[in-house]
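Below you'll find the structure, written out as structure tokens, and then a few comments.
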Amino acid sequence: MGLRIALRNVLRNPRRTVLSLVIISLGTGMLFAVSGFVSFITDGITESTVEQYGNLQIADIDLWERADDRLVTLMEGERVEQVSALLDELPDVTGYAANLTFTSQIQKGSESSLLFGVGVDPANRILAGYEIARGEDLKPGDRGKIVIGRLLADNLGVEPGDYVTLLIATVNGSFNTGRLQVAGVFRGFEEFIESQFAYVPIETAQLLLNTTGVDKLVVSLTDLDRTEPVAAILRERLASADLGVELRTWDVLATQYEQTVSMFTFILGAVSLGIFILVLFSILEVLTMSFLERTREVGTLRAIGTKRHHVFRLFLSEGILLGIFGGLLGILVGIGLGFAVNHSGMGWMPPGSLEEVPILVKMSPVSAITPLIIAMLSTLVSAIFPAWHSARLAVVDALRTQ
Amino acid sequence: MTNEQTNPGKDAASVVVAATQLRKHYQTGAETVEALRGVDFRAERGDFVVIHGPSGSGKTTFLNMLGCIDYPTSGAVEIYGQDVATLSDGKLAELRRDKIGLVFQTFNLMPVLSTYENIEYPLLLQNVPRPQRRERVQKLIDAVGLTNEAGRRPNKLSGGQRQRVALARALITETHFVLADEPTGNLDTETSKRIMGIMKSLNENRDVAFVVVTHDPMVGEFARRTVEIRDGLLSTVTQGG
């Protein structure tokens, strides 16, 4: 009966109820849309980070600690084979590939630039990392070829088919040069990648560095969610095998990832708090008015034997019901907003990005949970004080109220 | 002047309400208003007491004390021998729920509930099982002649019908003690007589004690006792039928 009375009380003043529902549903809808947008952004960042780093990487135990002298920490063939054997045992591992990264100077005529090079196996590419804009990608069997970032190509004035010279320090500390043909120019989405990165076949990188080693194995898994469980198993097995290697997961490798995601989470938190406060105070005012107008009814209820906590619960239920209805309506509003945004063609330019990224709202049942909770919590909290006040009224005073 | 108002001939066990030296003072600015100045009163099963008096004489204040919805400045109220001053707010609510029926001049029905639901409400507070609730509510609805109005909300009922709902709500817990504050105050003469007739019938047939505060001289015709309250004191008694 309590809920029935609460429901009827909610519906007894349609104008006020509509006003409350509009406030709650707009707040919830906005939150749903913002939450969906943040979800889309963070998912995108996660996806591109995993594309860049793989799910996890395995390297010599000193590799990441000795950034100044990485070439002394390469893994030679036997260790690579032993690690590979352990990876082959795991059904969650969909692929792995050796990488060899290096820094060098790249020259074309009188133009030169600093280069971050990555030696990859063209026959076993588990990371995309870029899209070819001009020319073609590295192919299995390619030797002496290179693909470079679009901005780097523009700066050096090179096109596919041209030759560039790499000036590089070998693992022994002597200098080496290599003349490589530009197979293609890639689009890397980030200015930093396009202006300083290049990819060569791993054999070419080894030749340039005068080594047979690799600096890491990049591993991809069936599912992002499997990263931690697989990492835990592998860490244990690698430790047992005493191979002197370390495993790092993608989120640890991408040092900016946590910061970026935290920033978006903070923004979402701030928006949620703002909407919570907005709904709280708006509904507080509405409910206070509504409860005040019913002071005499409270007096009657109390006079005929209703206990204070029943009155409190009754009025609280009204707040909760408003929250549920407003929240559900808000999700519909949010879906509408999301649909409109997703079809508007709007875009934005992330920091460091070279191309506009579309603004999209990810709409999933999970995105609805937080806005719904915020809607219900804010109306519940806003009902507490007026409900408590009504329940505490002296019966005789409440009955005297006109 | 104070005097003890009793209905002689009944034993102490049948006393439904007893007030002893009830005083109620209100502070209005620097002035203290004495609404009740030491009132003694008793009502027993089967009593039908009508309290009348001029406006501001303390009638409603007195009734509120008997109904445990207001507290005296001093003095004691006992309901079925229980000193209400010793009860917590929750226990007082239970006492009002189980032992006292209240009828108001302005009916005070819940506007969002139907006739049936308004009458049923006290039984819900008592956690009476649904089948028993249905039986008792239906019986009482029939008794007060509202069978065809069971599903209607108060705003669709006439004043007389609303007061009959209020009366049924007061009686649904099978209490034997009903307090009515100007129950005919908002009704025409014919309807007033009908309401009072129902109350009288319940008084005679079910031994329900009624204490009725009124301005309406017609109500006095139904009383077994008539009490006058003036300047915060009970002053005269008329023993009736």
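The values are calculated or read from the model by the stated rules, or taken from the named source; none is laboratory data. Predicted model, so just to flag it, every value in this text is computed and none were measured. All Cβ positions, even for glycine, are placed from backbone atoms using ideal geometry, and neighbour counts span all protein chains on display. With ligands, DNA and RNA removed, areas are computed over all heavy atoms of the protein, side chains included. Shrake-Rupley method; radii C 1.70, N 1.55, O 1.52, S 1.80 Å.
Taking the stretch A:113-132 on its own, how many of its residues are within 14 Å of A:T101 (Cβ to Cβ), aliphatic (A, V, I, L, M) and modelled with pLDDT of 85 or more?
Final tally of qualifying residues: 4.
Go through the residues of the stretch A:344-353 one by one and say whether even a single one is in contact with a Phe, Trp or Tyr (Cβ under 9 Å, 6 or more places away or on another chain) and either buried (at least 19 other Cβ atoms within 10 Å of the Cβ) or within 14 Å of chain B (Cβ to nearest Cβ) (or both).
no
Of (1) open to solvent by 50 Å² or more (accessible area, probe 1.4 Å); (2) within 27 Å of the chain's Cα centre (by Cα), A:V22 satisfies all except one. Which?
(2)
Six or more apart or on different chains, Cβ under 7 Å: which pairs go from a residue in the stretch A:139-151 that's at positive phi to one that's at pLDDT 90 or above and assigned to a helix (DSSP H, G or I)? Could you list them?
Pairs that qualify, where the first residue is at positive phi and the partner is at pLDDT 90 or above and assigned to a helix (DSSP H, G or I), are A:G144/A:T204.
Go through (1) assigned to a helix (DSSP H, G or I); (2) within 14 Å of chain B (Cβ to nearest Cβ) for A:G305 and report which single condition fails.
The failed condition is (1).
Test B:A43 against the stated conditions and say whether it is closer than 15 Å to B:V211 by Cα, assigned to a strand (DSSP E or B), more than 10 Å from chain A (Cβ to nearest Cβ) and among the small types (G, A, S).
yes
Scan the stretch A:2-9 and tell me whether some residue there is among the polar types (S, T, N, Q), more than 32 Å from the chain's Cα centre (by Cα) and on the phi < 0 side of the Ramachandran plot.
yes
So B:A180 passes all but one of these: (1) more than 15 Å from B:N108 (Cβ to Cβ); (2) open to solvent by less than 70 Å² (accessible area, probe 1.4 Å). Which condition number does it fail?
It fails just one condition, (1).
What are the residue pairs meeting all of these: first residue in the stretch A:254-269, first residue free of Cβ contacts under 8 Å to residues at least 60 places away in the same chain, second residue loosely packed, with under 14 Cβ neighbours inside 10 Å, Cβ atoms under 9 Å, and 6 or more apart or on different chains?
none
Of all residues in the stretch A:100-121, which are open to solvent by less than 20 Å² (accessible area, probe 1.4 Å) and within 11 Å of A:P201 (Cα to Cα)?
Hits for the stretch A:100-121 are A:L100, A:G117, A:V118, A:G119, A:V120.
Within the stretch B:213-241, which residues are closer than 18 Å to B:L22 by Cβ, of a type in the set (A, V, I, L, M, F, W, C) and open to solvent by less than 10 Å² (accessible area, probe 1.4 Å)?
B:V213, B:V227, B:I229, B:L234
Please count how many residues of the stretch A:308-321 are more than 14 Å from chain B (Cβ to nearest Cβ), open to solvent by 10 Å² or more (accessible area, probe 1.4 Å) and not β-branched (V, I, T).
1
Would you mention how many residues in the stretch A:215-244 are open to solvent by 20 Å² or more (accessible area, probe 1.4 Å) and β-branched (V, I, T)?
Adding up the residues that qualify gives 2.
Quickly run through the stretch B:46-82 and pick out the residues that are within 13 Å of chain A (Cβ to nearest Cβ), within 16 Å of B:R230 (Cα to Cα) and hydrophobic (A, V, I, L, M, F, W, C).
B:F62, B:L63
Would you confirm whether any residue within the stretch A:207-223 is on the phi < 0 side of the Ramachandran plot, part of a strand (DSSP E or B) and small (G, A, S)?
Checked against the condition, which is being on the phi < 0 side of the Ramachandran plot, part of a strand (DSSP E or B) and small (G, A, S), the stretch A:207-223 yields at least one hit.
Got a sec? Which of A:I374, A:I324, A:I335 is more than 13 Å from chain B (Cβ to nearest Cβ) and buried (at least 21 other Cβ atoms within 10 Å of the Cβ)?
A:I374 is the lone residue from the list that is more than 13 Å from chain B (Cβ to nearest Cβ) and buried (at least 21 other Cβ atoms within 10 Å of the Cβ).
Which residues, taken from the stretch A:52-84, are surrounded by fewer than 13 Cβ atoms within 10 Å (Cβ to Cβ), outside any helix (DSSP H, G or I) and either touching a Gly at 6+ places or on another chain (Cβ under 9 Å) or at pLDDT 90 or above (or both)?
Correct list: A:E76 only.
Would you say A:L90 is surrounded by fewer than 21 Cβ atoms within 10 Å (Cβ to Cβ), away from chain B (no Cβ under 14 Å) and not in a helix (DSSP H, G or I)?
In short, yes.
Scan the stretch A:3-19 residue by residue and report those that are open to solvent by less than 40 Å² (accessible area, probe 1.4 Å) and within 12 Å of another protein chain (Cβ to nearest Cβ).
A:I5, A:A6, A:N9, A:V10
In contact with a helix residue (DSSP H, G or I) (Cβ under 8 Å, 6 or more places away or on another chain), open to solvent by 10 Å² or more (accessible area, probe 1.4 Å), within 14 Å of chain B (Cβ to nearest Cβ) and polar (S, T, N, Q), is that true of A:S282?
no
Go through (1) assigned to a helix (DSSP H, G or I); (2) open to solvent by less than 10 Å² (accessible area, probe 1.4 Å) one by one and return the number of the condition B:V50 breaks.
In the conditions (1) assigned to a helix (DSSP H, G or I); (2) open to solvent by less than 10 Å² (accessible area, probe 1.4 Å), B:V50 misses (1) alone.
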